[in-house]
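A quick write-up on the structure given underneath.
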Amino acid sequence: MVGAHPRAVVVSSRDEVLARLRAARDAGGATAPEVPREYRRTGTAPPGSPEVVDRLTETLTDYKATVHRVADEDDVSATIADILESAGVTTFVAPPGLPARWLGEVTARVRPDEPPLSVAKLDAVDAVVTGAAVAIADTGTFVLDALAPDQGRRAISLVPDHHVCVVRAADVVSSVPEGVARLDPTHPLTFVSGPSATSDIELDRVEGVHGPRRLDVVLVGPSSAPE
Amino acid sequence: MTTDLGMPTVASDPYGHLRGSESFPVAARRSLADTQLRQNLGHATRTIRAKRAGVVAEVDDWEELRRAGEGVKADVMARLPELLVQFEEAVTARGGVVHWARDAVEANRIVVDLVRGTGVEEVVKVKSMATQETGLNEALGEAGIAALETDLAELIVQLSDDRPSHFLVPAIHRNRSEIRDIFLREMPDVDPELTDEPRLLAMAARAHLRRKFLSARVGISGANFAVADTGTISVVESEGNGRMCLTLPDTLITVMGVEKIVPTWSDLEVFLQLLPRSSTGERMNPYTSTWSGVTPGDGPQTFHVVLLDNGRSNVLASPDGRQALHCIRCSACLNVCPVYERAGGHAYGSVYPGPIGAVLTPQLTGIRGTDDVSASLPYASTLCGACFDACPVRIDIPHLLVQQRAAAVDAHTRPTTQDVAMRAAAAAMSSPGRFSLVERALKLGRLIGRSGRIRSVPGPGAAAWFGARDMPTPPAETFRQWWARTRGPSS
């Protein structure tokens, strides 16, 4: 019959799947329930407070990131210089918009990702230095936004084996909902919680698989604990 | 040494690897005899249960999050067709291409055609339940395209020509020394001095896959969540293999079940708390990637997403049963299930094992009759309820198990021996007089059950019942007899 009719309609997969789903949805119930949202939308301490920065330090450290606390942004470059030197880093990649003041005292050779480096070149550098869009204290997470000038496209923070990430206290929130609310979902995002790890052998966590095996976080802002 | 449980042959129906090849009791009997398997599973599930309990206890609004997760998913089911259309529009507007697949066969054909169009003969894959379900690797293989699994556990399964047995850790049935042996045997460039230290095994996997990642031109992934209003897809992982596959290739193809939709970006604030804590027992998994269509200058510049039905519309039609589609594949229900812990994932036959698999698989495939192996799955449970307590989106798995048992019975075109046995039981329990007759008969069981267990008895339906169960020998005196003796002639 289909072949015989000049204007025969072949039902597309799209139409068929949608028709099936509509019929099924109507049969099973089409009333959308009210979603109970009684969970905490904001954290126990305000964003940027010494309490959340302290908590972030704990949760990052717990998942084997190395945290370096600095009081203000003037101290960042010396700290990065120390990290790179002690790790024996000779070359590292930086996103095009990384603040120049963060690298003032760094002696290792920087390779700006502009024009974009090939994958082979990224594989040949020892490290990457980036900023972060937001960090979540409850979970020990920072988020990289690929369209933010100080964070750069996703490949640069993936291929090098050592990641140094600078997080400003003002960007540290307590809870996952606060973190998610600060992000633009149309940008490619990477949530990072510690160096790469796996739980695939007997369901125990071991660090160091395909992503960067070493993770240093430079946390800029005051601490609540007396120095 | 482990028992060879056999690879499934290419499925005879369009559903891919959903329907197993033998019933649960038959397969479970064999896996129960494998002491190494039971030891591996016992160790792994004990480890993960303790980790999960620790990180869940940290979250004082856990119950509120579970209720929100349940609510969001119920809302998605009520609006699924509209949300899918919205998602399609958003992905298309951002430079992605959306495909729809009625079943596994069609999904595989779409992906094979897309990969052929690129001219490559090898693809890298992020672990994905959807492509395990469709049997995509086999379909690619038949088309001359090698699919390289990059998740560590999936790699172990692939290298040893095995089958996955868990959502999260497909090689949960293997211990560290078995993994070392597989690597030594199957990785051509591995250090012959490799020990079974997990850190070194992970490094060996890194070395093995590194060049493949850096030169891959096509990546294939699943999706954990897909946001309808922005077209954003999220992949939750640990090792960085996901980031490699999602970032470095020129072309990315994502295959996802239609139920992975969530309405808005902010819904992820719920699921990104529920999933990692329930699944790996971490506050947050090491890496979560999200992307929307194609972004000039970042990541793959060609992006396809395949929306897969493959029986999901069957499940959606059931008012209660559709809860099974709420599953976020965390595997918490597997890890707490006393049946899963002992029988292992292979015994379920389907790519979806454990409690959720036992209610999802028979709904996805439908139950075709008495002989359908999917009909045995709802019985793979003690109905203890641990799965519901662990489920981060509050799927009432015990209720669905009972419902699917009823569906299994309804599928019978003629009464089976078990139906006869159940009818006999119903008749026996319908009056006190009849019941006491049965009780007296049960005393005979003491003569049969010298070992303290009864393994079989004669009579209608008994063979079916005892096919899957032993029964303790009845006590010398029933409760009613004891009551009559000690509390006087009141009845």
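The values are calculated or read from the model by the stated rules, or taken from the named source; none is laboratory data. Keep in mind the model is a prediction, meaning the values are calculated, not measured. All Cβ positions, glycine included, derive from the backbone under ideal geometry; neighbour counts span all protein chains shown.
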inquiry  = Going by what's in this entry, would A:ARG40 be described as touching a residue at least 24 places away in the same chain (Cβ under 8 Å), of a type in the set (Lys, Arg) and more than 30 Å from B:LEU83 (Cβ to Cβ)?
reply    = no
inquiry  = Checking the conditions here, which among B:ALA332, B:ALA317 is aliphatic (A, V, I, L, M) and farther than 26 Å from A:LEU21 by Cβ?
reply    = B:ALA332
task = Go through (1) closer than 30 Å to B:LEU37 by Cβ; (2) facing another protein chain (nearest Cβ under 10 Å); (3) not hydroxyl-bearing (Ser, Thr, Tyr) one by one and return the number of the condition B:ASP161 breaks.
result = (2)
ask   = Among (1) of a type in the set (A, V, I, L, M); (2) at the interface with chain A (Cβ under 8 Å from one of its Cβ atoms); (3) more than 25 Å from the chain's Cα centre (by Cα), which single condition is B:ALA78 missing?
value = (3)
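Yes or no, residue by residue, for (1) more than 23 Å from B:ASP191 (Cβ to Cβ); (2) at pLDDT below 95; (3) touching a His at 6+ places or on another chain (Cβ under 6 Å); (4) in a loop (DSSP other than H, G, I, E, B):
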position: B:ARG211; (1), (2), (3), (4): no, yes, no, no
position: B:ALA226; (1), (2), (3), (4): yes, no, no, no
position: B:THR230; (1), (2), (3), (4): yes, no, no, yes
position: B:GLY242; (1), (2), (3), (4): yes, no, no, no
position: B:CYS245; (1), (2), (3), (4): yes, no, no, no
position: B:MET256; (1), (2), (3), (4): yes, no, no, no
position: B:GLU259; (1), (2), (3), (4): yes, no, no, no
ask   = Is there a residue in the stretch B:372-390 that is charged (D, E, K, R) and in contact with a helix residue (DSSP H, G or I) (Cβ under 7 Å, 6 or more places away or on another chain)?
value = no
key: Residue ID - nearest to the chain's Cα centre (by Cα), chosen from residues in the stretch B:149-165 that are closer than 13 Å to B:GLU186 by Cβ and part of a loop (DSSP other than H, G, I, E, B)   = B:ASP162
ask   = For the stretch B:301-313, what are the residues that are crowded, with 19+ Cβ neighbours inside 10 Å and part of a strand (DSSP E or B)?
value = B:PHE303, B:HIS304, B:VAL305, B:VAL306, B:LEU307, B:LEU308
ask   = Tally time: how many residues in the stretch B:166-205 are assigned to a loop (DSSP other than H, G, I, E, B) and under 16 Å from B:ALA44 (Cβ atoms)?
value = 11
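Okay, residues lined up against (1) in contact with a strand residue (DSSP E or B) (Cβ under 7 Å, 6 or more places away or on another chain); (2) of a type in the set (Gly, Ala, Ser); (3) not assigned by TED's automatic domain parsing to the domain that holds B:VAL124:
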| residue | (1), (2), (3) |
| --- | --- |
| B:VAL218 | yes, no, no |
| B:ASN241 | no, no, no |
| B:THR251 | yes, no, no |
| B:PRO263 | no, no, no |
| B:ARG277 | no, no, no |
| B:GLY281 | no, yes, no |
| B:GLY293 | yes, yes, no |
| B:PRO296 | no, no, no |
note = Residue hits (the stretch B:159-168; crowded, with 21+ Cβ neighbours inside 10 Å and over 14 Å from B:HIS17 (Cβ atoms)) are B:HIS166, B:LEU168
key: Among the candidates B:VAL76, B:VAL97, B:VAL85, residue that is surrounded by fewer than 21 Cβ atoms within 10 Å (Cβ to Cβ) and touching a His at 6+ places or on another chain (Cβ under 9 Å)   = B:VAL97
key: Filter result for B:VAL112 (away from chain A (no Cβ under 13 Å) and either over 29 Å from B:PRO198 (Cβ atoms) or at pLDDT below 95 (or both))   = yes
key: Qualifying helices (runs of 4 or more DSSP H) (wholly inside the stretch B:29-132; at least 3 residues being closer than 30 Å to B:ALA317 by Cα and of a type in the set (Gly, Ala, Ser))   = B:62-78
ask   = Could you say whether any residue in the stretch A:209-224 is under 13 Å from the mean Cα position of the chain (by Cα), surrounded by fewer than 19 Cβ atoms within 10 Å (Cβ to Cβ) and not small (Gly, Ala, Ser)?
value = no
query = Among the residues of the stretch B:375-393, which ones are in contact with a Lys or Arg (Cβ under 6 Å, 6 or more places away or on another chain) and closer than 13 Å to B:HIS412 by Cα?
reply = none
query = Applying the selection to the stretch B:214-224, what residues are under 29 Å from A:LEU117 (Cα atoms), part of a loop (DSSP other than H, G, I, E, B) and not small (Gly, Ala, Ser)?
reply = B:ARG217
ask   = Can you tell me which residues in the stretch B:179-222 are over 20 Å from A:LEU158 (Cα atoms), within 14 Å of another protein chain (Cβ to nearest Cβ) and not aromatic (Phe, Trp, Tyr)?
value = B:ILE179, B:ARG180, B:ASP181, B:ILE182, B:LEU194, B:THR195, B:ASP196, B:GLU197, B:PRO198, B:LEU200, B:LEU201
ask   = Tally time: how many residues in the stretch A:16-58 are within 14 Å of another protein chain (Cβ to nearest Cβ), farther than 14 Å from A:VAL167 by Cα and outside any loop (DSSP other than H, G, I, E, B)?
value = 14
remark   = Checked pairs for the stretch B:17-40, first surrounded by fewer than 18 Cβ atoms within 10 Å (Cβ to Cβ), second β-branched (Val, Ile, Thr) and in a helix (DSSP H, G or I), C-beta under 9 Å and 6 or more apart or across chains, list as B:SER21/B:VAL373; B:GLU22/B:VAL373; B:VAL26/B:VAL373
inquiry  = Pairs needed: first member in the stretch B:241-256, facing chain A (nearest Cβ under 8 Å) and surrounded by fewer than 24 Cβ atoms within 10 Å (Cβ to Cβ); second member anywhere, among the β-branched types (Val, Ile, Thr) and assigned to a helix (DSSP H, G or I); C-beta distance under 8 Å; at least 6 residues apart or different chains.
reply    = B:LEU248/A:VAL119
message = Let me confirm something: among B:ASP229, B:ASP298, which residue is more than 7 Å from chain A (Cβ to nearest Cβ) and either more than 29 Å from B:GLY16 (Cα to Cα) or surrounded by 23 or more Cβ atoms within 10 Å (Cβ to Cβ) (or both)?
response = B:ASP229
